[in-house]
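Taking it in order: structure first as structure tokens, then the write-up.
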Amino acid sequence: MSLGRRDFLGLAAASSVTLLAGKSLANEQQLPKECKDACAVLVDTAVCIGCRKCEWACNRQHNLSNQDMAAFDDKTIFKIQRRPDDKAYTVVNEFRDPSNPEKPYYTKVQCMHCLDPACVSACIVGALEKLPNGPVVYDAWKCIGCRYCIVACPFQIPAYEYDNALTPQVRKCTFCTERNLAEGNVPACVEACPNEALTFGTRDDLIGLAHARIKAYPDRYVDHVYGEHEVGGTSWMYLAPADFKNTELPELPPDRIPPNTENIQHAVFKWFVPPLALYGLLGLIMASKPDKENEQEAEK
Amino acid sequence: MSAHEIPVPIKQQYFTPGVKVVFAVFLAGAVGVAYRFLYGLGAVTNLDNGYGWGIWIAIDVSCGVALAAGGFTTAAIAEIFHKEKYHVITRPALLTAMLGYTFVGFGVMIDIGRWYNIWHPMLPDMWQGNSALFEVGICVMTYVTVLYFEFFPIVIERFKSRVNLPAIIAVLNKPIDGILHIADKVLRKIGWVFIIAGVVLSFAHQSSLGTLMVLVPTKMHPLWYTHLSPLLFLISAIAVGFPMVVFESILASRSFKLKPEVPILASLARYTPFLLGLYLALKIGDLTIREVWPYVFEFSTESWLFMAELVLGVIVPMIILSIRKYRRTVGGLFTGATLVIGGVVLNRIDVFLVAYKPLYQTKAYFPSIWEILVTAGCISALILLYRAFVMIFPVISQPEDEVAGRMDDTSVKANFSKAR
């Protein structure tokens, strides 16, 4: 997206104080557009103006419902809290801080691209994969449609094409892997954001940036980078003006999720020793002499 | 007594009024299945992006696997521990397991969106050793094959030296009979491989089924979220094995107007209180260590269901089956067994559906009428097939003297005596 357009869209929203804040904040640290590994996005909900351009860009990028841009200008949609689904990989919702209810703020939600994703651990055929540079991607060709990923995701993100009878897919944000992030491209939503509420970069840099913003504007942000530690860390992270409890983002512990089951699985099947040992033991019992005493034992 | 009983095909009329009702339910379920394959999961189920799994997974698959545990538990006691008197119940239990697991596979196929990819877990480049579901999938696929091998000797027994194909294909009689004879010899030699494999595979996937929801720590009710879940699933599956045999055996004898094998069944049911006791101890220890007793007594829907599981499904049958007087009556056995089965079914539904809380759904999942019909249809199909199998194959044992008069072919008897 050209700078001219971005400026134009920015000016259109110039009445917002947050815009100016966003501009200045983004300039604090020049982040490389190109990032070959550990790509991440920082969502600054204090800067987001709820314009839903990211939704439009995502819709266009992935040929979802192919609505035109005007359809995404509808602000009445904020009356209900929406969730991403198979026809919208990202949605923006409006929230209010109870202590400052006049001023709404907006949270864009999509796949968080966890560092250790539960969906990837769940997948029976490896159709979901965490790429080294960040994205969690899906291979429909492998998928059997068991929907364990939907059950497993702590953010309730994977959406299923329940209405497709023959070739249903699991649908979710792809982190725009198909745009080839390694070659200096950014995700469509990041590119479309007129207010730089979305910052794309390496995860380490963005964590640094997030904490720098909190430090620089302590009254504007709650001291919590959502996604830095949640479920072991996510590739999408959030800053917010108030406690994250006000938003739809769930309160989650810092522990990675997959070790819960992987530790059990790998202990029980370590080198196949336990099952083979059981086999051997049962074989020995079976080979030993039949227990004739039992013949008389039946209750009469 | 067992020594005088031999398995024979049951010669009775297939359709009775009761069977016709079951057949009607089966037909309704078949319509549901057709509807699902033509119009997709969205058209027939109440599933959504919050509730990814419904009763087809919680009942058809998860309860199906647990209730087929009679197969490996009786095989273990009769064949591995050589408690010979239980041979009379191994065949019905094996048949239930074989049909049960076949329907588990079918249930999975109905539930998964890309059913034609069901074989993908077998491809080495798609193996996913981190997934408990992969483990379940591989083990169930292997075990269902093992069960076919375990059942095959019964097919051989029925048809060996009696292959009689009609008309033109009659030329195949000799070759097929030859194959059966060779298979008979081979299976007699290596049958033990499958019997032990069946037990090991069952241990593996019964427990891994309990591992599935351990991956969902943040969306599970604390009463059921425990790392002990795989062990609890395994022990409860072993515990429900014999009650399932008791339940079916009593129902089958009622249906075919045979005398129930009370002494053998009572003898088998002696083990159940110990297994239930072990399960109860683990459950109590688990609640104590995780400090979640307050949830048991908060008198919410969850706490009532949890108490029902433990009191009606574990403690009451433990008492009934511990008391000799009750254990040796058909009524006592049947009540005890039914309660254990009910407890396990409730537990599986609780773990997969009740305990699971999606983040944003305002309405709890409840199965659609089609989901219920398909599940009922699958159970009906299982009953109908069971009935057909025991009429075709020598599965259910009957007293030798009663059978002698009715038997149309003494070779069945001869074969059986040889096998034993």
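When the residues of the range B:251-266 are filtered to those that are in a helix (DSSP H, G or I) and surrounded by 22 or more Cβ atoms within 10 Å (Cβ to Cβ), the one that is nearest to the other protein chains (Cβ to nearest Cβ) is B:Ala266. Check whether at least one residue in the range A:133-143 is in contact with a strand residue (DSSP E or B) (Cβ under 7 Å, 6 or more places away or on another chain) and at the interface with another protein chain (Cβ under 7 Å from one of its Cβ atoms), and report yes or no. The answer is yes, given that some residue of the range A:133-143 is in contact with a strand residue (DSSP E or B) (Cβ under 7 Å, 6 or more places away or on another chain) and at the interface with another protein chain (Cβ under 7 Å from one of its Cβ atoms). A search for C-beta distances below 6 Å between a residue of the range B:302-329 that is in contact (Cβ under 8 Å) with a residue 12 or more places away in the chain and acidic (Asp, Glu) and any residue that is surrounded by fewer than 22 Cβ atoms within 10 Å (Cβ to Cβ) and not in a helix (DSSP H, G or I), counting only pairs 6+ apart in sequence or on different chains, returns B:Glu302/B:His221.
Under 9 Å by Cβ, and 6 or more places apart or on different chains, what pairs join a residue from the range B:153-166 that is in contact (Cβ under 8 Å) with a residue 40 or more places away in the chain and on the phi > 0 side of the Ramachandran plot with one that is open to solvent by 50 Å² or more (accessible area, probe 1.4 Å) and in a helix (DSSP H, G or I)? Close Cβ pairs (under 9 Å, with a partner that is open to solvent by 50 Å² or more (accessible area, probe 1.4 Å) and in a helix (DSSP H, G or I)) amount to B:Ser161/B:His181. Within the range A:154-168, how many residues turn out to be under 23 Å from B:Ala355 (Cβ atoms), in contact with a Pro (Cβ under 8 Å, 6 or more places away or on another chain) and more than 7 Å from chain B (Cβ to nearest Cβ)? Residues meeting the conditions: 2. Check the range B:178-198 and report whether any residue there is surrounded by fewer than 23 Cβ atoms within 10 Å (Cβ to Cβ), of a type outside the set (Phe, Trp, Tyr) and not in a helix (DSSP H, G or I). The answer is no; no qualifying residue exists.
Checking each residue in the range A:221-245 for being within 19 Å of A:Pro154 (Cβ to Cβ), in contact (Cβ under 8 Å) with a residue 60 or more places away in the chain and among the aromatic types (Phe, Trp, Tyr) picks out A:Trp236, A:Tyr238. Note on the range A:279-295: residues that are at pLDDT 90 or above and either more than 8 Å from chain B (Cβ to nearest Cβ) or open to solvent by less than 40 Å² (accessible area, probe 1.4 Å) (or both) amount to 7.
Looking across B:Leu231, B:Leu223, B:Leu212, one residue alone is open to solvent by less than 10 Å² (accessible area, probe 1.4 Å) and within 24 Å of B:Leu312 (Cβ to Cβ). It is B:Leu223.
Report the residue count in the range B:29-66 for those that are in a helix (DSSP H, G or I) and touching a Lys or Arg at 6+ places or on another chain (Cβ under 8 Å).
Qualifying residue count for the region: 7.
Regarding the range B:29-48, can at least one residue be identified that is open to solvent by 60 Å² or more (accessible area, probe 1.4 Å) and closer than 30 Å to B:Phe256 by Cβ? The answer is yes, given that some residue of the range B:29-48 is open to solvent by 60 Å² or more (accessible area, probe 1.4 Å) and closer than 30 Å to B:Phe256 by Cβ.
So which residues in the range A:166-210 are under 21 Å from A:Tyr89 (Cα atoms) and of a type in the set (Val, Ile, Thr), if there are any at all?
Across the range A:166-210, the qualifying residues are A:Thr167, A:Val170, A:Thr174, A:Thr177, A:Val186, A:Val190, A:Thr199.
Scanning the range B:268-301 for residues that are in contact with a Pro (Cβ under 9 Å, 6 or more places away or on another chain), part of a helix (DSSP H, G or I) and over 24 Å from B:Leu333 (Cβ atoms) yields a single hit, B:Tyr295. Could you please find all residues in the range B:189-209 being more than 9 Å from every other protein chain (Cβ to nearest Cβ) and touching a residue at least 40 places away in the same chain (Cβ under 8 Å)? Once the filter is applied, which keeps residues that are more than 9 Å from every other protein chain (Cβ to nearest Cβ) and touching a residue at least 40 places away in the same chain (Cβ under 8 Å), the range B:189-209 yields B:Gly191, B:Phe194, B:Gly198, B:Ser202, B:His205, B:Gln206, B:Leu209. Each residue in the range B:67-84 was checked for being open to solvent by 10 Å² or more (accessible area, probe 1.4 Å), farther than 24 Å from A:Leu284 by Cβ and either part of a loop (DSSP other than H, G, I, E, B) or in contact with a His (Cβ under 8 Å, 6 or more places away or on another chain) (or both), and 0 of them qualify. Within the range A:153-170, work out how many residues are closer than 15 Å to B:Ile118 by Cα and open to solvent by 10 Å² or more (accessible area, probe 1.4 Å). Within the range A:153-170, residues that are closer than 15 Å to B:Ile118 by Cα and open to solvent by 10 Å² or more (accessible area, probe 1.4 Å) number 3. Among the residues of the range A:221-237, those that are open to solvent by less than 20 Å² (accessible area, probe 1.4 Å), more than 9 Å from every other protein chain (Cβ to nearest Cβ), out of contact with any His (no Cβ under 8 Å at 6 or more places or on another chain) and not in a loop (DSSP other than H, G, I, E, B) comprise A:Tyr226, A:Glu230, A:Met237. Number of residues in the range A:110-152 that are of a type in the set (Asp, Glu), assigned to a loop (DSSP other than H, G, I, E, B) and either under 28 Å from A:Trp56 (Cα atoms) or open to solvent by less than 10 Å² (accessible area, probe 1.4 Å) (or both) equals 1. Got a sec? Which of A:Asn185, A:Asn180 is more than 8 Å from every other protein chain (Cβ to nearest Cβ), on the phi > 0 side of the Ramachandran plot and open to solvent by 20 Å² or more (accessible area, probe 1.4 Å)? Matching residue, one of A:Asn185, A:Asn180: A:Asn180. Among the criteria (1) more than 30 Å from B:Val44 (Cα to Cα); (2) among the polar types (S, T, N, Q); (3) open to solvent by 20 Å² or more (accessible area, probe 1.4 Å), the one B:Gln361 does not fulfil is (1).
Taking into account only those residues within the range B:115-164 that are crowded, with 19+ Cβ neighbours inside 10 Å and of a type in the set (Ser, Thr, Tyr), which is nearest to the other protein chains (Cβ to nearest Cβ)? Looking at residues that are crowded, with 19+ Cβ neighbours inside 10 Å and of a type in the set (Ser, Thr, Tyr), I get B:Ser131. One residue alone among A:Ala197, A:Ala240 is open to solvent by less than 10 Å² (accessible area, probe 1.4 Å) and in contact with a Gly (Cβ under 7 Å, 6 or more places away or on another chain), and that residue is A:Ala197.
Among residues of the range B:97-114 being of a type in the set (Gly, Ala, Ser) and assigned to a helix (DSSP H, G or I), the one that is most open to solvent (accessible area, probe 1.4 Å) is B:Gly105. Of all residues in the range A:83-101, exactly one satisfies the criterion of being open to solvent by 40 Å² or more (accessible area, probe 1.4 Å), acidic (Asp, Glu) and either within 14 Å of another protein chain (Cβ to nearest Cβ) or closer than 15 Å to A:Tyr221 by Cα (or both), namely A:Asp85. For the range A:245-267, filtered to residues that are more than 7 Å from every other protein chain (Cβ to nearest Cβ) and in contact with a Pro (Cβ under 9 Å, 6 or more places away or on another chain), the residue that is surrounded by the fewest Cβ atoms within 10 Å (Cβ to Cβ) is A:Ala267. Scanning the range A:102-124 for residues that are at the interface with chain B (Cβ under 10 Å from one of its Cβ atoms) and in contact (Cβ under 8 Å) with a residue 40 or more places away in the chain yields A:Ala118, A:Val120, A:Ser121.
The values are calculated or read from the model by the stated rules, or taken from the named source; none is laboratory data. This one's a predicted model, so the numbers in the text were calculated from it and none came from an experiment. All Cβ positions, even for glycine, are placed from backbone atoms using ideal geometry, and neighbour counts span all protein chains on display. Side chains included, ligands, DNA and RNA excluded: accessible areas come from the protein's heavy atoms. Shrake-Rupley method; radii C 1.70, N 1.55, O 1.52, S 1.80 Å.
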